[in-house]
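Notes for the one structure printed next.
The values are calculated or read from the model by the stated rules, or taken from the named source; none is laboratory data. On a predicted model such as this, the values are computed, not experimentally measured, just so you know. Here the Cβ positions follow ideal geometry from the backbone for every residue, glycine too, while neighbour counts run over all protein chains shown. We work out accessible area using only protein heavy atoms, side chains counted, and drop any ligands, DNA or RNA first. Shrake-Rupley method; radii C 1.70, N 1.55, O 1.52, S 1.80 Å.
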Amino acid sequence: MGFWYTPAKERLAKGDFDWDEAAHDVRLLLCMSNTTADTDQDAATLSAITTLDEYDGAGYSRAALASQTVTRDDANNRVELGASSPVSFGSTVAAGTRNVVGAIVYRHVDGTAANDLPIAWLDNGGSPFAVNGGGGAFTLTIDAEGLLQVT
């Protein structure tokens with residue numbers, strides 16, 4: 001994982017955000033190598049990210065999470081935020097113009113960047129990865145220990 005956006009931490013601390021509340025529509029979007037989402041930690045909305053650089057391959061769509069869970073892990077002193085896996089960004093996704101470097105977990109409010117709220121940046125471990133250019137499905141597998149963790 002990369003980091004939690006600072007305003008999301010504040011919303012979580014104030015009880016303004018509930019991961020497994022059905023009314024809180026949580027989604028993922030993919031960002032390519034020109035993004036500043038990996039450094040704009042204080043962004044309160046998607047429009048506050050200087051350069052989003054969202055994936056541009058044909059067939060790509062933002063992915064809604066389903067069946068979100070909150071699990072207390074006493075052995076590791078953390079809370080794990082999970083969801084159904086895998087998460088699909090489209091069944092026939094073509095290659096984009098640049099590599100994907102990470103994803104933004106965000107709360108979809110109304111589909112307007114000025115209202116949608118970034119929660120966390122997920123990096124891919126330090127090296128860009130390419131979406132298959134053969135027109136196949138592109139999915140993200142959520143780890144058994146959660147998509148995000150609160151420590």
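Couple of notes before you dig in:
- Flag for residue 18 being of a type in the set (D, E, K, R), at positive phi and either touching a residue at least 12 places away in the same chain (Cβ under 8 Å) or surrounded by fewer than 17 Cβ atoms within 10 Å (Cβ to Cβ) (or both): no
- The single residue among 35, 50 that is modelled with pLDDT of 95 or more, in contact with a strand residue (DSSP E or B) (Cβ under 9 Å, 6 or more places away or on another chain) and assigned to a loop (DSSP other than H, G, I, E, B) turns out to be 35.
- Residue satisfying all of: in the stretch 22-46; touching a residue at least 40 places away in the same chain (Cβ under 8 Å) and more than 15 Å from the chain's Cα centre (by Cα); surrounded by the fewest Cβ atoms within 10 Å (Cβ to Cβ) among these: 34
- Scanning the stretch 62-111 for residues that are more than 19 Å from residue 19 (Cα to Cα), over 13 Å from the mean Cα position of the chain (by Cα) and in a loop (DSSP other than H, G, I, E, B) yields 90, 91, 92, 93, 94, 95, 96, 97, 98, 99.
- Here the stretch 1-15 is the region considered, the condition is being in a loop (DSSP other than H, G, I, E, B) and either at pLDDT below 95 or under 22 Å from residue 89 (Cα atoms) (or both), and the residue that is most open to solvent (accessible area, probe 1.4 Å) is 14.
- Residue tally, condition open to solvent by less than 20 Å² (accessible area, probe 1.4 Å), in contact with a Pro (Cβ under 7 Å, 6 or more places away or on another chain) and either at pLDDT below 95 or among the aliphatic types (A, V, I, L, M) (or both), over the stretch 64-107: 2
- Count of the stretch 72-111 residues, restricted to those that are touching a helix residue (DSSP H, G or I) at 6+ places or on another chain (Cβ under 9 Å) and within 18 Å of residue 53 (Cβ to Cβ), is 3.
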